[in-house]
Amino acid sequence: MNLLFKIAWRNIWRNWRRSVLTMLAVVFAVFFINVMKGIQTGTFEANIRYTLNLFSGHIQIQKEGFQDNPTLNKAFSLDLEMLGKLQNDEYIRGFCPRITSFGLIGKNEKSLGTAIIGIDPTAELLNSEFPNRIKDGIFVSSVDENIINVGERMLKNLNAKLGDTVVILSQAFDGTMGNKKFVIGGVFRFGNNEFDGMTIFMNIKAADELLAMNNKINSLAVFIDNLDNLDIASTNLKSLAKSKVDKGIVVLPWFEVLRDLKQTVDMKVIGEIFYVLILLMIVGFGILNTVLMSITERFREFGVMLALGTRHYIIVLSVFIETIIISLLGISIGTLFAYLLNSYFAKNPFMLKGDFTKLYEELGYLPEIYSSVSTEIFTSTAILIFSVSILVYIYPAFRLYKLTALKGIRYT
């Protein structure tokens with residue numbers, strides 16, 4: 001085996017230009033696949049973390065059917081058993097109870113339809129990034145329950161300003177009409193015009209009073225430390241939900257709540273597959289061309305070896321080792337350069353500027369390009385390229401195996 005390796009190594013450098021060009025094709029494919037997958041994975045993971053930490057949470061506990069039809073009567077009580085489970089789960093960082101309803105907000109003769117969300121200010125400050133989206137004024141107060149936050153676009157549509165008093169009208173849980181005066185204490189901006197134009201946040205106690213909820217909530221946003229622990233945390237909470245089948249409690253991971261975001265991630269995977277397939281075809285034909293030319297120009301040499309009694313499998317194995325060496329060298333060099341570049345962008349994200357920043361913010365994404373150094377990215381790419389190298393060797397190996405001594409010697 002050592003002799004075969006030495007022969008293969010020498011044969012590679014007999015025509016070093018062709019070998020180097022083939023190696024560079026492998027380096028190119030490995031480098032760009034790893035960089036592309038690293039940037040896509042890193043950027044999407046950063047945006048997913050950002051979106052989930054912003055408000056929605058990684059998991060939501062709801063009444064069955066609330067996700068598709070968020071009506072006020074789909075409510076449940078946060079009992080001691082549920083509280084204990086949430087507080088004692090090592091994977092759960094925190095949770096935020098919410099009340100959700102719809103109504104009207106008015107100032108003087110101006111009124112608008114609105115989505116009303118009651119939140120616990122203390123829990124939000126500890127767990128979500130929503131308080132950081134306040135652009136002006138103060139966050140919903142845990143002391144003064146009459147302070148509310150409105151979207152930047154809603155403030156403009158109401159012709160209102162900070163400190164103005166507004167009236168909110170909504171149908172309560174018991175069917176009566178609730179109305180109450182509030183003071184605009186803060187203005188938020190999520191970047192989504194629809195959301196910023198129709199949403200208000202208030203203290204959950206004020207929402208409970210306005211909507212006559214009697215200490216019931218519509219959803220519970222659960223935040224975990226690491227997105228990798230999503231399955232474990234979801235499973236733990238689903239075991240709790242099973243004990244409350246009679247109450248219709250369900251546990252939904254983020255991709256069942258934020259379906260648009262999940263579809264975006266799925267589209268990214270499809271686009272990545274097409275991109276990788278194109279590069280694999282390029283590198284595959286490059287390796288195939290090199291191996292075919294290498295064996296074709298050595299047919300006379302192989303013919304002499306066969307005439308002297310060398311077995312076919314020895315020749316096939318020798319050329320196969322050449323292919324493997326070129327592939328492994330290209331994979332190693334490409335992976336090294338890709339790792340260095342991905343590591344840099346993982347620690348130093350590229351900040352988009354100008355109109356791109358506004359566009360990304362309006363779409364609800366971070367205006368930053370991240371990368372990832374996940375082991376899975378590099379190992380999957382290496383396996384793909386290595387598999388292609390082996391696959392394209394089948395045809396050259398077949399030609400070598402069918403070669404006869406006479407045909408090889410007489411080949412010109």
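Would you pick out the residues in the stretch 89-131 that are closer than 22 Å to PHE55 by Cα and free of Cβ contacts under 8 Å to residues at least 60 places away in the same chain?
From the stretch 89-131, those closer than 22 Å to PHE55 by Cα are 89-103, 113-131; that's our starting set.
Those that are closer than 22 Å to PHE55 by Cα and free of Cβ contacts under 8 Å to residues at least 60 places away in the same chain: GLU90, THR122, ALA123, GLU124, LEU125, LEU126, PRO131.
Picking from THR114, THR122, THR199, which residue would you name as being at pLDDT 90 or above and within 27 Å of the chain's Cα centre (by Cα)? Write out each step before concluding.
Numbers: THR114 fails: within 27 Å of the chain's Cα centre (by Cα); THR122 fails: within 27 Å of the chain's Cα centre (by Cα).
Just a single option satisfies the conditions, and that option is THR199.
Tally up the residues in the stretch 161-196 that are assigned to a helix (DSSP H, G or I), more than 20 Å from PHE139 (Cβ to Cβ) and not acidic (Asp, Glu), please. Walk me through it before giving the result.
Initially, the stretch 161-196 is screened for residues assigned to a helix (DSSP H, G or I), giving 193-196.
Those left that are additionally more than 20 Å from PHE139 (Cβ to Cβ): 193-194.
If we keep only those that are not acidic (Asp, Glu) as well, we get 193.
The total comes to 1.
May I ask you to list pairs of residues, at least six apart or on different chains, whose Cβ atoms are under 7 Å apart, with the first in the stretch 47-72 being over 16 Å from ILE117 (Cβ atoms) and the second being among the acidic types (Asp, Glu)?
Once the first residue is over 16 Å from ILE117 (Cβ atoms) and sits in the stretch 47-72, its partners that are among the acidic types (Asp, Glu) give ASN53/GLU129.
Looking at the stretch 214-235, can you tell me whether even one residue there is without any contact (Cβ under 8 Å) to a residue 40 or more places away in the chain, of a type in the set (Val, Ile, Thr) and either surrounded by fewer than 14 Cβ atoms within 10 Å (Cβ to Cβ) or in the same structural domain as SER101 (by TED's automatic domain parsing) (or both)?
yes
Which of the residues spanning the stretch 73-88 are of a type in the set (D, E, K, R) and either touching a residue at least 12 places away in the same chain (Cβ under 8 Å) or under 27 Å from ASN192 (Cβ atoms) (or both)? Spell out the reasoning first.
Start the filter on the stretch 73-88 by keeping residues that are of a type in the set (D, E, K, R), which leaves 74, 79, 81, 85.
Scanning the stretch 73-88 gives LYS74, GLU81, LYS85.
If we only count helices (runs of 4 or more DSSP H) wholly inside the stretch 295-390, which ones have 2 or more residues that are at pLDDT 85 or above and either within 22 Å of ARG49 (Cα to Cα) or basic (Lys, Arg) (or both)? Working first, answer last.
Numbers: elements: 299-307, 312-347, 355-362.
Result: 312-347.
Quick test for you: out of GLY103, GLY94, pick the one residue that is more than 25 Å from the chain's Cα centre (by Cα) and in a strand (DSSP E or B).
On the way: GLY94 fails: more than 25 Å from the chain's Cα centre (by Cα).
The conditions single out GLY103.
The values are calculated or read from the model by the stated rules, or taken from the named source; none is laboratory data. For clarity, every value in this text was computed on a predicted model and none was experimentally measured. Every residue, glycine as well, gets a Cβ built from its backbone with ideal geometry; the counts of neighbours run over all protein chains shown.
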